[in-house]
Amino acid sequence: MSAEAPHVKGGIGQSILRKEDARFIRGKGNYVDDVKLPGMLYLDITRSPYAHAKITAIRTDKALKVPGVLAVVTGKDLEAAGLAWMPTLMSDKQMVLPTDTVMYQAQEVAAVVADSRYAAADGAAAVEVDYEPLPVVTNPFKALEPGAPVIRTDRAEKSNHIWHWETGDKEGTERSLSGSEVRVAQDLYIPRIHVSSMETCGCIAHMDSVSGRFTIWMTTQAPHAIRTVFALVTGLPEQNIRVISPDIGGGFGGKVPVYPGYVLASVASIKTGHPVKWIEDRSENLQADSFARDYHIHAEVGATKDGNVSALRVKTLADHGYTDAAANPSKFPAGLFHIITGSYPFAKAFVEVDAAYTNKPPGGIAYRCSFRVTEAVYTIERMMDILAHKLNVDPADLRLKNFIPPEAFPYKSALGWTYDSGNYAGALRKAMEIIDYAGLRREQAEKRKKGELMGIGISSFTEIVGAGPSQTFDILGIKMFDSAEVRIHPTGKVLARFGTKSQGQGHETTYAQILAEELGIPADDIRVEEGDTDTAPYGLGTYASRSTPTAGAAASMAARKIREKAAKIAAHLLEVSPDDIEWKDYAFRVKGVPTKSKTMAEVAFAAYTNHPKGSEAGLEAVDYYDPPNMTYPFGSYICVVDIDKDTGQVKIRRFVAVDDCGTIINPMIVDGQIHGGLTMGLAPALLEEIQYDEDGNIHGGTFVDYLLPTAVETPNWETAKTVTPSPHHPIGAKGVGESATVGAPPAIVNAVIDALRPYGVEHIDIPIHPWKVWQVIHGGGKPA
Amino acid sequence: MAAMARPVTPAASLMSPSGPLTRVEITINGQLYSAEVEPRTLLVYFLREVLGLTGTHVGCDTTNCGACTVHLDGRPVKSCTVLAVQANGRQVRTVEGLEVGGKLSPVQQAFYEEHGLQCGFCTPGMMMTATALLERNPSPSDAEIRDAIRGNLCRCTGYVNIVKAIKAAGKKMQSPPTAGGGA
Amino acid sequence: MFPPQFEYYAPNSIDDAVALLSRFNGEAKVLAGGHSLLPLMKLRLASPSVLVDINRIPGLSYIREDGGHLKIGATTRTNDLLDSALLRKSYPILTDAAQEIADPLVRNLGTVGGNLCHGDPGNDLPACMLALGAVMALAGPQGARTVPAAQFYKDTYVTAVEPTEMLVEVRIPKSVPRQGTAYHKIEKRVGDFAMAGAAAKLVLDDDGKVTAAGIGLTGVGPTAIHAVKAAASLVGQPADEAHLRNASVVAQGEAQPATDLRGPAEYKRAMAGVLAYRVLTHAVARAKGGA
């Protein structure tokens, strides 16, 4: 930006350094496990080794004799208080502790309270449980077969089928597919993975029986929703419940659900009269906390022989574990999976999803994907490549031919979404130019002659984020607005509080930047707070890339309310009529006489010392923002891989990501989000999966076997942007936290399949381990 | 940095022990501490709970993630897999010891300037590994940096800016210090 | 996450350590780097009631040539292998292997002794010692004894070391002219256990014929595999492509892989062959003076 142009220090578009870093780089972050309260006790949990079993006895006498152990809680104790079961966010129910049957390996069976972590662990190891194993159901297809053992005997309907959901034009899609000149179909499985943020989950529950105040420090992305749920479930008065979400070491959706450990710590605090801390181990986190994905998908695409897509049909079986503990808006049991028509103008589409119970941990959470959008984008972007292969056309050309054009926006998809804005061809062309796509195809042709394997994969995704408009979105009935409360002090400094909760996204900086831009006050003079339900305005929290679209908008709107009042004070100070005042170049100016002006800081002082007669003192506003629509970030990613023919190892040579998140608040922070998201997209494509054997034993339940990408596997991600603002957002911003996690996996898979073209393979299910590639090369086509 | 002659005995005790205690004397960030601990007390919990130095974090239970990295006699190690008794008589340096006299270390400064952190949970361990690397080799290549931090997992940043930060810190360490700066 | 209670001793001499191991006769475990033992104890998969910490024994950490051998002390840290110019020059197989193990933080405490004695078929140094024809030197209540690497690995997590003994040193035949050694490994993710690994030592005569050979395989059996037939197939033969390829096929046949999270057995067997060829080729290049 030129030195001449008026700007505010720390406004929108500047890569200012982060305000929150001061404490983190000194090791002075305040995470839940850093908090220590006087008299605090510790909770540990005894867990089931069986995936499905009757509990015939629990003996706690040995545990109670362990030095330091004060109490043991079992399902029977909770049942007496009506707390053995609790509701899930999808109006199913889940056990806090079982009273007779365990339904997944690592399920909580008993809780031990002690005066130290070590003693609590000793106690948990000393609880004795007798089990009678029951038949285990791990295959969701088999779970739906007649005669399959029923897992949820507590439900009226004795079946493992949870729900069926469908949307779109079933008959029209069938007719269109039947009449298509070209048809392709593919089975795609997206296995279970885990968010695995570096900080595991935990809490400190403190019931103060004297004051009646219940305070819980919790690793939660949605503190207000948690407070209301606690009030409804426990009967404690909501004004006496305080949820504090301090610094959170990564959330990614895994810190949205209410886990049994939180309830157990709360019960333990009420029972003992002491604060009780529960911090889960990594193994517990991977083995018992809500998983992500686990969708068995069958997709069909119909097109003309010229390559114009016309019909999309998708049938999915969703494995939810033993209860539907998904964290979706209540009207959408399959989340926003029906964004699956993607960046393409399918005239006809039909999607159906069936959900099944299995003996596995419950879920699935929305893992950095705005509710099943990763599953949707993976499907459509794989199908476009499969279609391109069938038509023998270049996959970039096929996409460019089909993209919804910029003039079609706002665009209503066949499955009911109205996309706000997009420029899909612009993003793809930019990516192709940066990576020299034509040059890569030439190189590939040369390499193919020599039998060398190199692949290029594209993903041109459309995301749907910012949940969401009140007529369509709610979680357990609570609408998905979000909020900002902004107050300007006499000396022109700002305190702003939000209903969202950052877990590393940089809200203390980015919200300050929005406010700086709107108020003309430097970002350094603006303090942002989140996470304490006693002080923050009500919000639905941070996940699904919703903060900028909702709370960021609320910040703008609150600031504009303040500007409206401030203009009147400025008029009063400048002794003109309010109609003669305009907000221009970050100050209130007399129209036509711009040098006659007052800054917001000057107005703020006057708000407390010289406010106009007939108006109120002070200068603050709160806004609860109900977004009129979702926002639709998009992008095009291109991945280049080289494959070692002898070992099947895949190496990502280059990866270019062009993202469009509308207005960019802080380019440095946006790039950071994209880098992280891309690595979280590489992970399921090549490395991560959680599997269960026939007995329900987990494989991949510790970091020894659940392999996260390190800096060695992660390439140097290259990023670029196009900017297509959202027409309905106050600052045109769309949100970006999840785009890369959503867009990356199909780009990588498409590249691998492209490399393996000479072997005629159409698809390999993720994660693409080296032996799967080797089996294609050496084993004649179909990988195990 | 010289240790104080008389060790500090922390008031907090870790637990009601179920077995005999051992006395340990460990110098941490230049300060000598003396305490009685169970042999099974892990160094990371000694730091966090007995000494209240919560900058070192616990991220896993299988010695994989590196969030607990500290220096033991100058070498970066995973403190979740060291017994406090093993550190008896030795020197430990934690993230709290990077800032000296109110001045951030080049590594801390670079992580701030290059946006090398997001949630901050892996950051102390990452910076301790980086500090040890740069003390041995102040101008590592990108590949050397990525290899050096392969035992430190990060879920937020995708490592790109961490590598940039470590490179920038190395350059800082090679040029004369300038005044000011800091988060 | 938290180990159960145990008694802890930190003796200052090998004799004292052995005396403690004898006294507790099977109830005590040696604590060296602790990066195999402590993780097991934290998950409560192992609960020894006594730990004998050998890190305070002076003079147990060294890398030196002495007489006809390269001698490495039991508590030598794995990273010390990487820092050794002697190894890089004359025994690069150990530099190669050290670079593959876990991560630099683990290697700052993990010891050569621990990597050799833990008995996990995924550990990298055992295959190297098989290829090098190393001998393990043990100390026990009956005194000192040696066990050749070829007889050291009995089963998964079972070695020749008795519960009352400890490893004190590994002895490797001193490098000779026109000797080449190398170690190659492939894994799903850096630092993970091998999908397969191969170690080789070759000595060539002036005509390029192999006069001595040793091959070890990682991760393709219940223990590290000593590929004796493959090595024997090379002795007396020219070190040309055909013979190296043939030896790799033989080595492949000597593997006993099992399907697990690191790959199907069929894949691991094939990779044993691929890596045997690569490592033999590299050893030949080094024997001829290359890198």
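The values are calculated or read from the model by the stated rules, or taken from the named source; none is laboratory data. All values reported here derive from a predicted model rather than from experimental measurement. Virtual Cβ from ideal backbone geometry, glycine too; neighbours counted across all protein chains shown. These accessible areas exclude ligands, DNA and RNA; they are computed on the full protein's heavy atoms, side chains included. Shrake-Rupley method; radii C 1.70, N 1.55, O 1.52, S 1.80 Å.
Under conditions of 37 °C and 0.692 mPa s, the stretch A:174-263 yields 203 µm² s⁻¹ as its translational diffusion coefficient, taking Rh as the Kirkwood radius over Cα pairs in the Stokes-Einstein equation. In summary, the lysines within cross-link reach of A:Lys565, defined as a Cα separation below 20 angstrom excluding same-chain residues under 8 places away, comprise A:Lys493, A:Lys584, A:Lys591, A:Lys596, A:Lys598, A:Lys613. Site pair C:Ser13 and A:Ala231 shows an inter-label distance of 7.3 nm when each label is modelled 7 Å from Cα along Cα→Cβ. Classified by the C-alpha gyration tensor, the stretch C:162-278 has an oblate form. Its axis ratio a/c, with a ≥ b ≥ c, is 1.5 or above, and a/b does not exceed b/c. The distance between label points at C:Leu86 and A:Asn139 comes to 5.9 nm (points 7 Å beyond Cα on the Cα→Cβ vector). For C:Val18, neighbours were defined as the other residues whose beta-carbon sits under 13 Å from its Cβ, and their charges (Lys and Arg +1, Asp and Glu -1) total -2. List the DSSP H helices in chain A whose Cα atoms stretch 15 Å or more along the helix axis and whose mean Kyte-Doolittle hydropathy is at least 0.5. The qualifying helices are A:223-234, A:260-272, A:424-435, A:667-686, A:739-755.
According to the calculation over all Cα-Cα pairs in the stretch A:192-242, the P(r) per 10 Å bin from zero is 23, 47, 21, 8, 1 %.
Hey, how many Å between the Cα centroid of the stretch A:471-492 and the Cα centroid of the stretch C:2-23? Measuring centre to centre over Cα atoms gives 61 Å.
How would the stretch A:252-305 be classified by its alpha-carbon gyration tensor: rounded, prolate or oblate, with rounded meaning a/c under 1.5 and the a/b versus b/c comparison settling the rest? The shape class here is prolate.
Rounded to 0.05, the FRET efficiency of the B:Ser141 and C:Lys288 pair, given R0 = 25 Å and the Cβ-Cβ distance, is 0.30. By how many degrees, between 0 and 90 and to the nearest 10, does the Cα long axis of helix B:160-174 differ from the longest principal axis of chain B? So the helix axis and the longest Cα principal axis differ by about 90 degrees. Peptide A:27-37 has a mean of 5 when you count, residue by residue, the C-beta atoms of other protein chains within 10 Å of its C-beta. Between A:Glu166 and C:Thr146, the distance separating the two model label sites (each 7 Å from Cα on the Cα→Cβ line) works out to 7.8 nm. Buried between B and C is an accessible area of approximately 2900 Å², summed over both sides with a 1.4 Å probe. Computed extension length for A:Asp130-A:Arg23: 33.7 nm, one decimal, from 0.36 nm per residue of separation with the Cα-Cα distance subtracted. Residue by residue along C:180-188, Cβ atoms of other protein chains within 10 Å of the local Cβ number 2 on average.
In summary, the convex hull built on the alpha carbon positions of the stretch C:20-103 has an orientation-averaged projected area of 7.2 nm². Compared with the direct C-alpha span, the chain from A:Asp534 to A:Lys613 gains 25.1 nm at full extension, assuming 0.36 nm per residue.
For the stretch A:259-328, the Cβ-based charge dipole about the Cα centre amounts to some 120 debye (Lys, Arg positive; Asp, Glu negative; other atoms uncharged). For chain C, modelled as a GNM with alpha-carbon contacts under 10 angstrom, which of C:Gly68, C:Gly140, C:Gly219 fluctuates the most? Comparing C:Gly68, C:Gly140, C:Gly219 in the GNM, the peak value goes to C:Gly68. FRET efficiency for C:Arg64 and A:Leu495, Cβ-Cβ distance as r, R0 = 60 Å, nearest 0.05? The computed FRET efficiency comes out at 0.35. Of the listed residues A:Tyr50, A:Tyr706, A:Tyr692, the order by accessible area with a 1.4 Å probe, largest first, is A:Tyr50, A:Tyr692, A:Tyr706. Look at the alpha carbon pairs under 8 Å that are at least 6 residues apart: their mean separation over the length of chain C gives a relative contact order of 16 percent.
For C:Asp155 and C:Val235, the FRET efficiency from 1/(1 + (r/R0)^6), where r spans their Cβ atoms and R0 equals 22 Å, is about 0.15.
Here the convex hull built on the C-alpha positions of the stretch A:528-677 has a volume of 187 cubic angstrom per residue. Among B:Gly101, B:Gly30, B:Gly116, the largest mean-square fluctuation in a Gaussian network model of chain B (Cα springs under 10 Å) belongs to B:Gly101.
Ligands, DNA and RNA left out, the 1.4 Å accessible surface of the protein assembly as shown is 52% carbon and sulfur atoms.
With contacts taken as Cα pairs under 8 Å at a separation of at least 6 residues, chain A carries a relative contact order of 16 percent. Dividing the Cα radius of gyration of the stretch B:29-183 by its Kirkwood radius returns 0.96 for Rg/Rh.
What separates the Cα centres of the stretch A:103-176 and the stretch A:618-647 is a distance of 32 Å.
The radius of gyration of the Cα set in the stretch B:64-135, together with its Dmax, comes out at 12.4, 38 angstrom. Between B:Ser141, B:Ser79, B:Ser105, the Gaussian network model of chain B with springs among Cα atoms under 10 angstrom shows the greatest mean-square fluctuation at B:Ser141. Taking other residues whose beta carbon is less than 14 angstrom from the beta carbon of A:Ile638, and scoring Lys, Arg as +1 and Asp, Glu as -1, yields -4. Plainly put, the protein assembly as shown has a radius of gyration that is 0.97 times its Kirkwood radius, both from alpha-carbon atoms, as the Rg/Rh ratio.
If you take all other residues with their beta carbon under 14 Å from the beta carbon of A:Tyr511, and give Lys and Arg +1 and Asp and Glu -1, the sum is -4. Each Lys and Arg Cβ is given +1 and each Asp and Glu Cβ -1; about its Cα centre, chain C then shows a dipole of about 380 debye. Maximal additional length on extending the A:Leu476-A:Ala408 stretch stands at 21.0 nm, based on 0.36 nm per residue less the C-alpha distance. Only lysines eight or more places from A:Lys412 in sequence, or on another chain, were considered; those with a Cα closer than 23 Å are A:Lys170, A:Lys315, A:Lys331, A:Lys348, A:Lys401, A:Lys734. On association of chains A and B, roughly 4600 Å² of accessible area becomes buried (total for both chains; probe 1.4 Å). Across the stretch A:614-732, the relative contact order, built from alpha-carbon pairs under 8 Å that are at least six residues apart, equals 31 percent.
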